[in-house]
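Structure, as structure tokens:
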């Protein structure tokens with residue numbers, strides 16, 4: 001994949017978190033410690049395999065993307081191994097605190113914290129106006145089980161707690177705010193697969209403003 005893409009592969013690795021998926025596919029769901037041990041050992045074997053592989057990858061080494069916010073195992077491992085640190089939701093206060101811990105771990109091993117790219121994966125709701133936002137929120141609430149207990153305004157508030165909500169101009173300002181904190185890349189989760197209009201709004205009104 002790295003050769004075919006001209007050296008653009010980024011490999012995401014993790015310890016696993018979704019117990020239901022493990023059960024569905026017959027994969028043992030060990031304790032957090034056991035899964036973190038397996039991840040740490042797995043990275044060693046992955047890198048060893050790349051050293052022995054033929055043909056060689058275009059990149060040396062292939063960059064690893066890692067998520068996690070645990071201060072005892074995850075963030076020290078990310079400081080040692082990752083080229084990109086990914087958080088699964090937006091929370092400015094948490095991001096500042098965890099970023100500080102990550103940077104401390106980098107300095108402890110004499111790594112420049114700036115060599116790690118910061119990315120965020122987040123849910124979003126975009127609309128041309130308030131009515132459009134409410135309509136799209138209702139559809140997302142019906143799709144995501146975690147939002148079904150809320151009314152429309154409550155669902156919008158819940159998504160805003162961990163993601164992006166608003167008109168294109170408001171989304172732009174929210175992205176700029178997180179970028180000012182140090183986030184380099186935003187991955188927006190598009191759950192409503194038939195909603196091409198939301199993607200068009202992002203492409204026409206949001207991306208040019210933050211590119």
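If I filter the stretch 19-27 for residues that are within 21 Å of the chain's Cα centre (by Cα) and exposed (fewer than 11 other Cβ atoms within 10 Å of the Cβ), do I get at least one hit? Can you show your working first?
Of the residues in the stretch 19-27, the ones within 21 Å of the chain's Cα centre (by Cα) are 19-22.
Those left that are additionally exposed (fewer than 11 other Cβ atoms within 10 Å of the Cβ): 19-20.
Scanning the stretch 19-27 turns up at least one residue that is within 21 Å of the chain's Cα centre (by Cα) and exposed (fewer than 11 other Cβ atoms within 10 Å of the Cβ).
Collect the residues in the stretch 106-123 that are within 19 Å of residue 14 (Cα to Cα) and not in a strand (DSSP E or B), keeping them in residue-number order.
Step one: of the stretch 106-123, the residues within 19 Å of residue 14 (Cα to Cα) are 116-122.
Once the filter is applied, which keeps residues that are within 19 Å of residue 14 (Cα to Cα) and not in a strand (DSSP E or B), the stretch 106-123 yields only 116.
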Inset, instruction - Any chance you could count how many residues in the stretch 81-103 are surrounded by fewer than 18 Cβ atoms within 10 Å (Cβ to Cβ), assigned to a loop (DSSP other than H, G, I, E, B) and in contact (Cβ under 8 Å) with a residue 40 or more places away in the chain? - result: 3
Inset, instruction - Would you tally the residues in the stretch 114-158 being exposed (fewer than 13 other Cβ atoms within 10 Å of the Cβ), closer than 30 Å to residue 75 by Cα and in contact (Cβ under 8 Å) with a residue 24 or more places away in the chain? - result: 1
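Do we find a residue being touching a helix residue (DSSP H, G or I) at 6+ places or on another chain (Cβ under 8 Å), on the phi > 0 side of the Ramachandran plot, part of a loop (DSSP other than H, G, I, E, B) and exposed (fewer than 15 other Cβ atoms within 10 Å of the Cβ) anywhere in the stretch 173-187? Don't jump to the end; show me each part of the working.
From the stretch 173-187, those touching a helix residue (DSSP H, G or I) at 6+ places or on another chain (Cβ under 8 Å) are 175-179, 181-183, 186; that's our starting set.
Adding the requirement that they be on the phi > 0 side of the Ramachandran plot leaves 182.
Narrowing the set further to residues that are part of a loop (DSSP other than H, G, I, E, B) leaves 182.
After this cut, where a residue has to be exposed (fewer than 15 other Cβ atoms within 10 Å of the Cβ) as well, the list is 182.
Within the stretch 173-187 (the criterion being touching a helix residue (DSSP H, G or I) at 6+ places or on another chain (Cβ under 8 Å), on the phi > 0 side of the Ramachandran plot, part of a loop (DSSP other than H, G, I, E, B) and exposed (fewer than 15 other Cβ atoms within 10 Å of the Cβ)), the answer is yes, since at least one residue qualifies.
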Inset, instruction - Collect the residues in the stretch 6-26 that are out of contact with any helix residue (DSSP H, G or I) (no Cβ under 8 Å at 6 or more places or on another chain) and free of Cβ contacts under 8 Å to residues at least 24 places away in the same chain, keeping them in residue-number order. - result: 8, 17, 18, 19, 20, 21, 22, 23, 24, 25, 26
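Determine whether residue 80 is at pLDDT 95 or above, more than 18 Å from residue 62 (Cα to Cα) and in the same structural domain as residue 35 (by TED's automatic domain parsing). Steps first, please.
Values: at pLDDT 95 or above: yes; more than 18 Å from residue 62 (Cα to Cα): no; in the same structural domain as residue 35 (by TED's automatic domain parsing): yes.
In short, no.
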Inset, instruction - Consider only pairs whose beta carbons are under 6 Å apart and that are at least six residues apart or on different chains; among these, list those whose first residue lies in the stretch 178-205 and is within 10 Å of residue 126 (Cβ to Cβ) and whose second residue is modelled with pLDDT of 95 or more. - result: 188/124; 198/126; 201/126; 201/168; 205/168
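Return the only residue of 62, 78, 43 being closer than 22 Å to residue 113 by Cβ, touching a residue at least 60 places away in the same chain (Cβ under 8 Å) and not in a strand (DSSP E or B). Break it down into steps so the answer makes sense when it comes.
On the way: 78 fails: touching a residue at least 60 places away in the same chain (Cβ under 8 Å); 43 fails: touching a residue at least 60 places away in the same chain (Cβ under 8 Å).
Testing whether each residue is closer than 22 Å to residue 113 by Cβ, touching a residue at least 60 places away in the same chain (Cβ under 8 Å) and not in a strand (DSSP E or B) leaves just 62.
The values are calculated or read from the model by the stated rules, or taken from the named source; none is laboratory data. Computed from a predicted model, the values in this text were never measured in an experiment. Every residue, glycine as well, gets a Cβ built from its backbone with ideal geometry; the counts of neighbours run over all protein chains shown.
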